[in-house]
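The values are calculated or read from the model by the stated rules, or taken from the named source; none is laboratory data. None of these values were measured; they are calculated from a predicted model. We place every Cβ from the backbone using ideal geometry, glycine too, and count neighbours over all the protein chains shown. Surface accessibility is based on the protein's heavy atoms, side chains included, excluding ligands, DNA and RNA. Shrake-Rupley method; radii C 1.70, N 1.55, O 1.52, S 1.80 Å.
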Amino acid sequence: MRKPTWIVKTEKLPIKDPNDVVIARQRVRVWALDLKLSLVDQTKIVTAASELARNTLEHGGGGEMEISEVTDGIRRGVRLAFSDHGPGIPDIKLALSDGYTSKQGMGLGLGGSKRLMNDFTIETEVGKGTLITATRWK
Amino acid sequence: MERIPILRMGNLLLVTIQVDMHDKLALTLQDDLTAKIADLGAKGVLIDISSLEIVDSFIGRTLANIASMARVLDAQTVVVGMQPAVAITLVELGMSLPGIRTALNVESGMEYLQQTTSPDLSEEADVDRED
Amino acid sequence: MAQVLNVIQRNQASLLTAWMKSMQLGIRRRDLISEAELQSQTEEVLATICSVPAESPLDNLNAAAWQSLREILASLSVSRASQGFTPSETALFILSLKSPVFALVRQQSGNDADQLYASITEIDSFIDKLALLTTDSFIHGRDQVISRQQEEMLELSTPVVTLWDGIVALPLIGTLDSARTQIVMESLLQAIVQTNSRFAIIDITGVPTVDTLVAQHLLKTITAARLMGAECILSGIRPQIAQTIVHLGINLQDVITKAKLSDAFKLALERSGRTVTRIEKTIRPNQ
């Protein structure tokens, strides 16, 4: 059973070119600092943001990132949502496995970021786009 | 265009990455470094990443590529100063960078490179044997 | 609407006496708090209620007028939590204000039953809210105590010691769970940077069992240390743990393991270009 979560506040950023990936990292760092996450947790969430933003750019053809502070009543956390209108992911299980890559690279993006975050969901439809939501709790 | 400076010390090249690199900057560094190694006949490359707050899979891969390319060009690479939080994250991400030599700081990185690349060392050893 | 508050404010002195009287002996807990301290706390709370403007809303505790009352009740609850009161004793302290206020309102209202009912309803829910506030603050205070103790315990359980210049050791004792292993991992890596150590020895002689998750954490620590430029040596693996590791299929191929901490220390010394030798004692037969 997943606990219901509420959004405390939110911010949207475009992910249209490689420089947006850098800006996305910096904004996520600010949010993680605001929530007083530990240095290791900050590093994990910023790294995951970098992976997922690059994924949105390269595989989804660009999109946007939404950073939110969320709470389930007890804990607080940072939630990242990446959405694009790209080709979608045909096989989620395969895409999450280490070593899978549709372009050149080591294929650690999705599976790796999943390990860096606490909650991780992918909603995708082939030809329509993808929404990846990932939360790291304090 | 924005570039990361490469310093030369004898037959060693020294790079300190201090900015939050976008992907293109990382690729430019890879090009510049391989060109410099070939031009100068450098025997060792030291990359200081102690100011980097994150290393994601792209930067990790670029570092691994630089090390492999340098090896083909007969140069040793050592990456120094990775922060604990960065190392933990990189391992969690699934990247253990097995092909990369590491050292705690510039000093011990230089020491390693001087030991493995210095031509004087083998000559001295020969002299010792003659005695 | 603000009539009730007005009544309270006009009768501050008599109310204080009545409130102190209405506090049952059971909730006074003379063993935990002195009569004088209780008296001064009661005075302070009542004085704060009396210091707000008479038209302040009784149905909204979040109003700016109640700011100082909220703060006083919060700090009172936190201090009671550490004094050893129960949450209900703390709430009863506030709730015991009800009957004297009700009596006062009854006196003022005369025979107007509607007026009396309205006033009592209003003051009743106000005091309930105050009592709930003390409970919330009480629990919050407890939580802070618990989390501080947890942190202290975790710090105690991860003593990273320097064995030699450039060699640190982490002797682990007791059962390792995932959370503890993670803290251990972070403090070891931090110590490597701080002491500039090329070698780190993780000694698990005092660890009774190792499961897959803990073994993975240890392996991750060793890999992370390598990325930073330090080498880890694992020592003190008990025979049962060695068996578990093999049965679980955990790969320790790339990890240097030694039976004893002293062997690991010797290896670290050797690798950093040092040896340990016994100094020959000069035998002097004449002495």
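Hey, if you put +1 on the Cβ of every Lys and Arg and -1 on every Asp and Glu Cβ in the stretch A:8-138, which of A:71, A:10, A:129 ends up farthest toward the positive end of that dipole?
Result: A:71.
Pull out the extension gain between residue C:113 and residue C:3, defined as 0.36 nm times the separation in residues minus the alpha carbon to alpha carbon distance; nm, one decimal. Walk me through the intermediate numbers first.
Details: separation 110, 0.36 × 110 = 39.60 nm, distance 1.53 nm.
Result for the pair: 38.1 nm of gain on full extension.
Where in chain C is the longest stretch that carries no GluC sites (Glu not before Pro) classed as loop by DSSP and with at most 16 other Cβ atoms within 10 Å? List each step's numbers first, then the result.
Working: sites that count: C:55, C:280.
Answer - C:56-279.
Once phi is turned into ³J(HN,Hα) by the Karplus curve 6.51 cos²θ - 1.76 cosθ + 1.60 with θ = phi - 60°, what whole-Hz value does each residue of the stretch A:21-32 show in order, with x for glycine and proline?
Couplings: 5, 5, 5, 4, 4, 5, 5, 4, 4, 4, 5, 5 Hz.
Write down the Kirkwood hydrodynamic radius of chain C, to one decimal in angstroms, obtained as one divided by the mean of 1/r over all alpha carbon pairs. Could the numbers behind the result be given before it?
Details: mean 1/r = 0.0407 Å⁻¹.
Hydrodynamic radius (Kirkwood, Cα pairs) of chain C is 24.6 Å.
From the C-alpha coordinates alone, can you work out the Kirkwood hydrodynamic radius of chain A, in Å?
So the Kirkwood estimate lands at 14.9 Å.
Could you tell me the total accessible area buried at the A-B interface, probe 1.4 Å, in square angstrom to the nearest hundred?
Working: alone 7700 and 7900 Å², together 13760 Å².
Protein heavy atoms only, the A-B interface buries about 1800 Å².
First measure r as the distance between the Cβ atoms of residue C:135 and residue C:60, then evaluate 1/(1 + (r/R0)^6) with R0 = 25 Å and state the FRET efficiency to the nearest 0.05. The partial results should precede the final answer.
Details: r = 19 Å, r/R0 = 0.75.
Calculated transfer efficiency: 0.85.
Just the number, please: buried accessible area between C and B, total of both chains, 1.4 angstrom probe, nearest 100 square angstrom.
Working: alone 16610 and 7900 Å², together 23070 Å².
The buried area between C and B, both sides summed, comes to about 1400 Å².
Using only the Cα atoms of the stretch C:161-271, what semi-axes does the equivalent ellipsoid have when each is the square root of 5 times a gyration tensor eigenvalue? Give whole Å, largest first. Before the final figure, lay out each step's value.
Working: eigenvalues 88, 46, 32 Å².
Its equivalent ellipsoid spans semi-axes of 21, 15, 13 Å.
Which aspartates and glutamates, on any chain, are close to residue A:12 with Cα under 16 Å apart, when same-chain ones fewer than 8 places away are left out?
A:20, A:64, A:66, A:69, A:84
Could you tell me which trypsin sites (Lys or Arg not before Pro) in the stretch A:35-87 are loop residues by DSSP with no more than 12 other beta carbons within 10 angstrom of their beta carbon?
A:36
Can you tell which of A:53, A:42, A:24 lies farthest toward the positive end of the dipole of the stretch A:5-138, using +1 and -1 charges on the Cβ of basic and acidic side chains (Lys, Arg; Asp, Glu)?
Among A:53, A:42, A:24, the one farthest towards the positive end of the dipole of the stretch A:5-138 is A:42.
Roughly speaking, to the nearest percent, how much of the protein assembly as shown's 1.4 Å accessible area is carbon and sulfur? All intermediate terms of the calculation are to be shown ahead of the outcome.
Working: 15410 of 28820 Å².
Carbon and sulfur atoms account for 53 percent of the accessible area of the protein assembly as shown.
Mind scanning A:128/B:24; A:16/A:138; A:9/A:44 and naming the pairs with a C-alpha gap bigger than 23 Å? Don't skip to the answer; put the middle values down first.
Numbers: A:128/B:24 29 Å; A:16/A:138 30 Å; A:9/A:44 21 Å.
From the list (A:128/B:24; A:16/A:138; A:9/A:44), the Cα-Cα distance tops 23 Å for A:128/B:24; A:16/A:138.
Over every pair of different alpha-carbon atoms in the stretch C:3-149, take the mean of 1/r and invert it; report that Kirkwood radius in Å.
15.9
Please report Rg over Rh for the protein assembly as shown, where both radii come from the alpha carbon positions and Rh follows the Kirkwood definition.
Working: Rg = 32.8 Å, Rh = 28.9 Å.
Value, to two decimals: 1.14.
Under a point-charge model restricted to the Cβ atoms of Lys and Arg (+1) and Asp and Glu (-1), what is the dipole moment magnitude of the stretch B:6-130 relative to its Cα centre, in debye to the nearest 20?
That gives a dipole near 380 debye.
Quick one: putting +1 on the C-beta of Lys and Arg, -1 on the C-beta of Asp and Glu, what dipole do you get for chain A around its Cα centre, in Debye to the nearest 20? Mind dumping the intermediate values first?
Details: 21 positive and 17 negative charges, 108 e Å.
Charge dipole, chain A, about its Cα centre: 520 debye, nearest 20.
Keeping every protein chain present and rolling a 1.4 Å probe, give me the accessible area per residue for the stretch A:9-138 in Å². Could you put the intermediate results ahead of the total?
Details: 5770 Å² over 130 residues.
That works out to 44 Å² per residue.
In debye, nearest 20: dipole of the protein assembly as shown around its Cα centre with unit charges on the Cβ of K, R (+) and D, E (-)? Display every interim value, and only then the final one.
On the way: 55 positive and 66 negative charges, 214 e Å.
Computed about the Cα centre, the dipole is about 1020 debye.
Net charge around residue C:100, counting only other residues with Cβ within less than 11 Å of its Cβ (Lys, Arg = +1; Asp, Glu = -1)?
Working: positive: C:21, C:98, C:106; negative: none.
So the environment of residue C:100 carries a net charge of +3.
Rg over Rh of the stretch C:80-230, using C-alpha atoms and the Kirkwood radius, what does it come to?
Values: Rg = 28.4 Å, Rh = 20.2 Å.
My calculation of the ratio gives 1.41.
Sum -39500 (n - 2.57) across every DSSP H segment of at least 4 residues in chain C, then divide by the residue count to get the 222 nm mean residue ellipticity, nearest 500. It would help to have the intermediate numbers written out before the result.
Details: 12 runs with 178 residues, N = 287.
About -20500 deg cm²/dmol.
Rounded to a whole number, what is D in µm²/s for chain B from Stokes-Einstein with the Kirkwood radius over alpha-carbon pairs (4 °C, 1.567 mPa s)?
For the chosen part, D equals 84 µm²/s.
From the residues C:54, C:140, C:229, which one has its Cα farthest along the dipole of chain C in the positive direction, the dipole being from +1 and -1 charges on Cβ of Lys/Arg and Asp/Glu about the Cα centre?
Value computed over the given set: C:229.
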